[in-house]
1. Would you mind computing, in nm to one decimal, how far apart the modelled labels at Arg131 and Val310 are, each placed 7 Å from Cα along Cα→Cβ?
2. To the nearest 10 square angstrom, what accessible area does Asp229 show with a 1.4 Å probe?
3. Which residue, Tyr118, Thr197, Gln138, has the largest displacement toward the positive end of the dipole of segment 87-210 when charges sit on each Cβ (Lys, Arg +1; Asp, Glu -1)?
4. Treating only the Cβ atoms of Lys and Arg (+1) and Asp and Glu (-1) as charged, compute the dipole magnitude of segment 396-455 about its Cα centre; round to the nearest 20 debye.
5. What net charge is computed for the residues neighbouring Gly121, neighbours being all others with C-beta under 13 Å from the C-beta of Gly121, Lys and Arg scored +1, Asp and Glu -1?
6. Hey, what angle do you get for helix 444-453 against the long axis of the chain, alpha-carbon based, 0 to 90 degrees rounded to 10?
7. Quick check: residue separation of His384 and Ser429 times 0.36 nm, minus the Cα distance between them. What number comes out in nm?
8. Dipole size in debye (nearest 20) for segment 63-134 around its Cα centre, Lys and Arg Cβ +1, Asp and Glu Cβ -1?
Amino acid sequence: MAKQRQWFECQSCGAQAPKWLGRCPECGGWGTLEKATGEREGGATTGGVEAPRPLGLEEVALDEGLRLLTGIDEWDRVLGGGLVAGSLLLLGGDPGVGKSTLLMWIIDKLSLSHPALYVSGEESLLQVKMRAERLGLQSKGFRLLAQTDADAIIAAARQLKPSLLVVDSIQTTVVPALGAHSGSLAQLREAAGRFLTFAKESGVPVLLIGHVTKEGALAGPRVLEHMVDVVLYLQAEGAQAFRFLRAEKNRFGSTQELGVFEMKADGLAEVKNPSSLFLAGRPLGQSGSVVTCTLNGSRPLLLEVQALVVNTRYGTGRRTTSGVDSNRVALLSAVVEKHLGLVFSGCDVFVNVAGGMSLQETGCDLALCAAAISSYENRPMDAHCLVLGEVGLSGEVRAVSRLEMRLAEAQKLGFERALVPSANLPHISKALKKGLDISGISKLNVLTEALRARA
């Protein structure tokens, strides 16, 4: 016999309590507990339920048409090769960053061959139509629906059988039978669960748009991130017109890929060569400026590392960074001071990665050291030189992964010289050696000599 029970649930973290509390004991939020009711079975039983037969791994057939390409390379790259049939995706981003614009563009592309459905719970059909005209979207397969009822949305999708279902946004979608207000934990979990079931049963990819908080995280409980297959973030760096698409979670591919778009008056446009974008406006012949190459998934990106080393006005020098871990900069400053005799302890060291990007891998250590040494000695680096290598505490320069891919990107953009770890030299092809003047670096003192030789 089913028993009715009542409890209180936190709308921020999902914690449950038998009675109302002013403050959540788990996340510490004030006034976040709300009443919830449900049914609980009297006892666990398997009576009347037929046991399913587990399948062997070899019995599971792979569908060759599992992924759906949108024709937007930057989007398909981040997803790992296109949309997976029956997947549930969640896209977050700040207000006005271009989430709706991006997804309407994707729907317009897909609807050229098969109808795709865009559901708006925040805007009227007239508002969506006005945006579509501004973006120049005219596909006849583009279907619109203004609805917040999750069951009604799924019913319309079952009838249409679209190539993609977009729900804008999950916070406005409700299941009326629950009675809770939209955006509550119960509504979010139930609505997302129904879209998940629909996606798996029908094979239609479902993409949910989610709001974000001031801290940049998806609004509401993290239960949504656990339920979906892919979590994407569309971000803008500062006041720039460029948008970066990253995957926070991806069950079907890497989370290291990066998609780059540019916001224009008529919508978003793909940036085919981000390296040239990040190096645009780079000062030539200036000290403290060094170019390195980092990997975002399978994509090599050339970035400018800037360093400024000046005498401090205080007793201890500061280490101020943007786009680089400050602890890493402090460590490399100590290594340079120890093995090269440069007195960084009495200097303020400022490090910046141009373009609003960030360096996460240690393969760019040598470039950070080169930029700091160049600024300290006021000696400009060769503007057409690429610097790569990991630096250890003993001052040794260690090999980096996928060096040929990085060198090929530098050669494509007109770089003539490269300083790389000596351990990588035997593995570089002759074709690259013909187009680039490649020098091996084994110790930091060798780097100093190379900098002074070409100053």
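1. 4.4 nm
2. 10 Å²
3. Farthest along the dipole direction, towards plus: Gln138.
4. So the magnitude is around 80 debye.
5. Value of the local net charge: -4.
6. For 444-453 against the chain, the angle is about 60 degrees.
7. 14.2 nm
8. Result for segment 63-134 is approximately 160 debye, rounded to the nearest 20.
The values are calculated or read from the model by the stated rules, or taken from the named source; none is laboratory data. This structure is a prediction, so every number in the text was calculated from the model and none was measured. Positions of Cβ are generated from backbone atoms using ideal geometry, with glycine treated the same way; all protein chains shown enter the neighbour counts. Note: areas computed on protein heavy atoms with side chains; ligands, DNA, RNA excluded. Shrake-Rupley method; radii C 1.70, N 1.55, O 1.52, S 1.80 Å.
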